[in-house]
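Have a look at the structure below, then the notes.
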Amino acid sequence: MIEQRKAFHHQLREVRDDIVVVAAMVIEVLPRGTEALLAGDLNAADEIIRGDDVIDLRSVDIEDRCFHLLALQQPMAGDLRAIITAIKLVGEIERSGDLVVNICKAARRLYGRDLDPKIRGYMSRMSAEAQQLFRRALDAYVEGDAPLAAAIDDMDDILDQLHDDFIQAIFESHSSGRLDLQAAVQLAVVGRFYERIGDHAVNIAERVHYMVTGGHPAGREPELEADGEAATQGSVQET
């Protein structure tokens, strides 16, 4: 029985380590996707799009192993919360990777557009802030840091404000005739992708808080669900 428990906790640690690897892949690819869009580098964008298959496959593998642990070990208390959290985190991470793919697909539709330096600056800042939120959420998971996890929702306010300012900059550029309507719409959707990545980071943090304490910060439940994400992704069709 003791050997079985040791094996179980070893497998649980392996799941955690693999989640960290997949999340790190998203953290690493986000600024690359932004740079591909801003530089009009379609080869780099296509490489990122193709690479998302690795994130998808790893995510499915982690989920399968979690369900296997649930079925065979019937864990209780903290171990049960750890597995449930792992399953939820995989979904948040995988969908964040999909959003980076959508940013890269937008590079095709914005190719050749001369964007205002102000708009380009906001995109770089949103990308950096989303990456930072994701990294801090991952740190909270690795360290089991409930206070850090609880604080990330407030940190997301910076990204939300950047998104609002970005939309205003798009309106100003379009109103002045420097940006056509089609490009303005595409940029607004891209801004929403960055904001959604931040939302996923907040959800990860709330799941971590649940894993550590058994409750969500201030009684909140994670708000972003798969259906809402699908609706957002579906707002821009692939070309």
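The values are calculated or read from the model by the stated rules, or taken from the named source; none is laboratory data. The structure displayed is predicted, hence computed values, not measured ones. Methodologically, a virtual Cβ is constructed for each residue, glycine included, from the backbone with ideal geometry; neighbour enumeration extends over all protein chains shown.
Odds and ends about this structure:
- Residue count, the range 58-79 (criterion: aliphatic (A, V, I, L, M) and at pLDDT 90 or above): 2
Yes or no, residue by residue, for (1) over 28 Å from D114 (Cα atoms); (2) of a type in the set (A, V, I, L, M, F, W, C); (3) in contact (Cβ under 8 Å) with a residue 24 or more places away in the chain:
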| position | (1), (2), (3) |
| --- | --- |
| A45 | no, yes, yes |
| D64 | yes, no, no |
| A77 | yes, yes, no |
| I83 | yes, yes, yes |
| K88 | yes, no, yes |
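- Residue count for the range 67-88, restricted to those that are buried (at least 21 other Cβ atoms within 10 Å of the Cβ) and either farther than 22 Å from V22 by Cβ or out of contact with any Leu (no Cβ under 9 Å at 6 or more places or on another chain) (or both): 1
- Residue match in the range 138-159 (condition: closer than 13 Å to L115 by Cα and of a type in the set (A, V, I, L, M, F, W, C)): no
- Out of G33, G40, one residue alone is more than 22 Å from L138 (Cβ to Cβ), surrounded by 12 or more Cβ atoms within 10 Å (Cβ to Cβ) and modelled with pLDDT of 90 or more. It is G40.
- Residue check, R13 of a type in the set (K, R), within 19 Å of A140 (Cα to Cα) and surrounded by fewer than 17 Cβ atoms within 10 Å (Cβ to Cβ): yes
- Here the condition is being basic (K, R), in contact (Cβ under 8 Å) with a residue 40 or more places away in the chain and either surrounded by 22 or more Cβ atoms within 10 Å (Cβ to Cβ) or closer than 24 Å to A82 by Cα (or both); of R113, R109, R120, R136, it holds for R136 alone.
- Of residues in the range 218-239 being in a loop (DSSP other than H, G, I, E, B) and modelled with pLDDT of 50 or more, the one farthest from A107 (Cα to Cα): R220
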